[in-house]
Every structure is written in structure tokens, then in C-alpha cells.
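One structure is given below, encoded as C-alpha cells.
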Amino acid sequence: MTAPILRGDCLAGLDFSTLTQNRSGMEREMLRVDAAGRVSRSDHPRGVGHKLTHPRITVDFSEGLLELVTQPHTARQAMLDEMQELQAFVARRLPEGEFVWAPSMPPSARADEVRIADFGLSQSGRMKQVYRQGLASRYGKIMQIIAGIHYNFSFDPRFVEHMHQLLGSQLSPLECRNRLYFRLIRGFDRHAWLLPYLFGASPVAARSSLAMPSSWLLDLDAEHVYGEFATSLRMSDIGYQSPAQADLFISHRSLQDYVRELVLATRTPWPAYEQLGLREGDNWTQLSASILQIENEYYSAIRPKQITHRGERPACALHERGVSYIEVRMMDIDPFEPLGMSRATADFLEVFLLACLAHGQEDADFNQADRNNQKLAIRYGRRESLKLMRGASSIRLRDWADEFLDECAELAQRLDAVHGGQAYADAVAVQRAKWSAPDTLPSQRVLDAAAEVGYARWAGEISRSHTRQFAQAELDPATLSRLQSEVDASFAANVRLEQEQSGDLASYVEQYFQSLCGDSLASLL
């Protein structure tokens, strides 16, 4: 699989009509806050279902950190419509006076205000809670209530079949699909810096989010700090970062390498975590003392994914059934968009990922240069003179972005030709307009709003406005009935699960870690 894909000579031979059924999905985290703008300490609203067994409405780390998950859609507007439906349903069922915090970075908070999510008495629910206790023990609770949007993408199956025919029969269809996704991931590694530059919307953070002083941050007011040229503090070293993972580079060369190294990270002890221990009396401190408790703790900007069965390890699902989709984890919530993401952004992300596929070199792997480029774009992305490393030479971020947006525009035209209309071209044009006028970048708009009325006031007002908008949005009776049926079904499913899983948690956890999908995965280790 050494020939270029989507570029050069191969571009003319590619049937773009095989890309019309690509699928997209969203996972949006939303922090509940009380009437005073403090992190909510109330229970997960019962009216939205059971957090463990509801397929679309759950929580992340905290009892107050909602997570809404759409199904995969071939039309991005359908994806956004489903997210609109879910947010409207949830907004009607928030406790009195509560609203949803619009920015990614949480408001000022104390650790004792953050309640770790309680998933019930089933073994799988208790394991989820212990995992979150481990996150709190390792990183602190405040880091864990940072919110973001994960964008999920999968290829049109016809595209995979088409590429299999182009690449020859020496590969199985499954191996071809896996290689395509990992090629996309390697291209993403090279160009991920573009996403915080264009979409980063968290240049401000509450002081309570700082685990330690950061010399590159400045005082905004008594409660907040900011980065003068920062784009996404959520993705910076005060956001989702881990000292134990600082030198952890899980390979993106192949599915086999990725799975092997990910599993090994769950088996490699880390001295600081060993000191924490696994239990204090009858209370669990963490699931294990390894670099990663479980595979999901790996804080990567992008993940290859396969749908897992209950109790199944993600690595096993990938090893057994291959990559089903990829999850992009770098997107801040856009506080200016009630849904957290606009249609233009969703359209652009599809173009961006296909452009990354075109750049996924076979002899490359995720490395320190990629990580440094992301770090620079996150801390200093709006500095006009900022340079990144491209190979052995440096290039201005803005110049590299200019080139890459040109490639995206070419791809957008070809996608529009088979889809009809000009949605993709328009989406790229929106990003080009940001490049031409950096003062319109979301990170700069947030700083401008903070300068005008104060950050806390602005964040509170826009958060209340979005929540009211969803609470007042119309939901037809059939939709409400269907959503209520999902709520009722989730409680019934949890009752069954608690009846089925009533044994010893330690045995359940041990069995989980010992599961390796048979000899084929074990042989990789």
C-alpha cells in the first residue's frame, strides 16, 4: 500500500462516488452548573434515563458531566439534528435552576464539589466507578470535568471495497480497511495542529484548573488565566495531559502494533501509581498501578475504534474485528454554537480527514515532532510568526495552513461534484476566511468577549441562553414518546444487569484484565 491515495496520479482513477456514504457521529460532553454558576452537585437527572444503560444519554467522569452520543449518519445535518433532539430533551429535565456550561473549560471549582459518577451496583457499573476513582487519584477531579466534542468518522464501505480492488488482492478486505484507517491516522498526526488553530475555543481557564503554575499563562482577572496566543487550553498541559504518558507513543504503523503497545501500557507499572495502591481498606483507589488502568485512559488526539460488547476490552474488539471508525478527540466545544459544533465545521472535518488520508505515509509514525507541533499550535497558535517543523525544516503555521487548505478545497470540489451542491466548498471557505482574518478565530473571539464584559459574565450569559433555547425547542409527541421509551428501557436494562452481575468485583476486574481474545492477541505481547 505504497501508492499515494487521493493525490497525484491516483486522484484521476479514484471513484469519488464511493465516498458519498461516509458516516459521522458526535459525542458531546456537557457540564451541568447550578444557578450560581458552580459545578452541579445534584444527581444525574432521573428523567433522562440510567447513565450506565442508556445508549445515547450518559455521563463521563462526573455525576454532573453529561455525555450525549448520536448514532452514525451519512448526512451531517442528520447528525446535528439528532444532537439537537437530545439536547432539547435533556434541557427540559435539568434540576430547577441548572443550566449547561457552554465553554470546554469548567468554571471555578473545588475538588470536593465534583462528584464521581455512580453507575449502580452491577459489576460493570462498579468497575466504571473505580476507574473514575483512579482518574481522580492520578490527575485530580478538576481535570476530569473538562468538556469537549468527539467527532466519529467511518468510510463508506464501497470506498473500502474500491480501494481493495485498486490495491490488489494480496490484502484481505479487513486488512485493507485497517490499513486505510491507520493511514488516515498517520496523516492526522502530521496535521492535527490545524484543528486547535481553526477550532480551539478555550484560551481562558479558571485558576482552579491549574494543578501547578504555568509560566506561559497570564492573569486575566482574580479567578482566571489565559494564553496570549493560546487556542485550546483544554488540549494543553493544564488540560488532558498525563506525566506518565508524556513519553508514551503508541504506534500508528499498524493495527497489530497499536493493540500490542496499548495492552502493554496497561501491564507496565508506574512508580507513582504503585505508591497510590489499589485499595484503602474496603475502598478501591484505582483499577491497577499501570501507566494505563484500561485502554481508554490513553489521552490521544485520535483513536481507532471498534464497537465493544459489555465487559469486552477495546483492544480485544479491535484485534478481533478491526477498525470500524475513528474518533477525533481534539475538538473544543464551540461556545458560540448552541450545539457545540456548526454544520460547516462538521462538513470541513470530513474533508480534513480525507486530506489526512492522502498524506498518511507508510514509513511514518506518531513522534515527538508531531506532538511538539500540536503543543505549539495549542499554546501559541495565533502568533503570526509561529513556526512548526515539517520534516527537517521549519515552516510558518500560517503558510502550512494555507497550503493544506488549498488541498482541502480541491477535495471539497470533487466531493461536491458527486454529492451535488457546494456544502464542502463552502465549509472550506469558512475556514479560509478565518485564516484571512485571524481575529475571527474562536479563541480570539472568546478573548474579545472576555475583554468586553468579563469572562465569567460572558460564559454564564451564553450558557444560560443556549440552555433556554434548547428547553424551549419544540419536540413533537412522537419524538418525546420515543425518547421516553428509551429512558424506561434503560432502567429496565440496568435492573437486569444488576441481577446478572452480583458477584465479587475483584474477580470481575481480574477476569477483565486476563481477557486477551485467545492466543492470537496473546502472541503479540
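To keep it simple, each residue is scored yes or no on (1) open to solvent by less than 20 Å² (accessible area, probe 1.4 Å); (2) hydrophobic (A, V, I, L, M, F, W, C).
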| site | (1), (2) |
| --- | --- |
| ALA211 | no, yes |
| SER214 | no, no |
| LEU248 | no, yes |
| ARG260 | no, no |
| LEU264 | no, yes |
| TRP270 | no, yes |
| TRP284 | no, yes |
| TYR298 | yes, no |
| ALA317 | yes, yes |
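Considering region 108-223, the qualifying helices (runs of 4 or more DSSP H), each wholly inside and each with 3 or more residues that are of a type outside the set (A, V, I, L, M, F, W, C), run over 123-139, 157-167, 173-191. All conditions in (1) free of Cβ contacts under 8 Å to residues at least 24 places away in the same chain; (2) surrounded by fewer than 19 Cβ atoms within 10 Å (Cβ to Cβ) hold for TRP458, with the sole exception of (2).
Starting from residues that are within 30 Å of ASP347 (Cβ to Cβ) and of a type in the set (Ser, Thr, Tyr), keep the ones in region 33-82 and report whichever is most open to solvent (accessible area, probe 1.4 Å). Once the filter is applied, the top-ranked residue is THR74. If you go through region 233-252 one residue at a time, do you hit one that is closer than 22 Å to ALA450 by Cβ, in contact with a Phe, Trp or Tyr (Cβ under 9 Å, 6 or more places away or on another chain) and not in a loop (DSSP other than H, G, I, E, B)? Looking through region 233-252, at least one residue is closer than 22 Å to ALA450 by Cβ, in contact with a Phe, Trp or Tyr (Cβ under 9 Å, 6 or more places away or on another chain) and not in a loop (DSSP other than H, G, I, E, B).
Is there a residue in region 336-343 that is of a type in the set (S, T, N, Q) and either open to solvent by less than 30 Å² (accessible area, probe 1.4 Å) or in contact with a Gly (Cβ under 9 Å, 6 or more places away or on another chain) (or both)? Among the residues of region 336-343, at least one is of a type in the set (S, T, N, Q) and either open to solvent by less than 30 Å² (accessible area, probe 1.4 Å) or in contact with a Gly (Cβ under 9 Å, 6 or more places away or on another chain) (or both), which makes the answer yes.
Per the listing ILE333, ILE302, the residue uniquely within 30 Å of GLN444 (Cβ to Cβ), touching a helix residue (DSSP H, G or I) at 6+ places or on another chain (Cβ under 6 Å) and of a type outside the set (Phe, Trp, Tyr) is ILE302. Those strands (runs of 3 or more DSSP E) of region 318-398 in which 2 or more residues are closer than 19 Å to ARG23 by Cβ occupy 325-331. Those strands (runs of 3 or more DSSP E) of region 14-79 in which at least 1 residues are more than 19 Å from the chain's Cα centre (by Cα), considering only elements entirely within it, cover 23-33.
Of all residues in region 467-498, those satisfying the criterion of being within 22 Å of LEU121 (Cβ to Cβ), open to solvent by 20 Å² or more (accessible area, probe 1.4 Å) and small (Gly, Ala, Ser) are ALA489, ALA492, ALA493.
Regarding LEU198, is this residue in contact with a Leu (Cβ under 9 Å, 6 or more places away or on another chain) and either modelled with pLDDT under 95 or on the phi > 0 side of the Ramachandran plot (or both)? No; evaluated as a whole, the condition is false for this residue. Comparison of GLY148, GLY97, GLY120 shows that the only residue that is at pLDDT 95 or above and open to solvent by less than 10 Å² (accessible area, probe 1.4 Å) is GLY148.
The values are calculated or read from the model by the stated rules, or taken from the named source; none is laboratory data. All values derive from a computational prediction rather than experimental measurement. Counting neighbours? That spans all protein chains shown, and the Cβs are built from the backbone with ideal geometry, glycine included. SASA here: full protein model, heavy atoms, side chains in, ligands and nucleic acids out. Shrake-Rupley method; radii C 1.70, N 1.55, O 1.52, S 1.80 Å.
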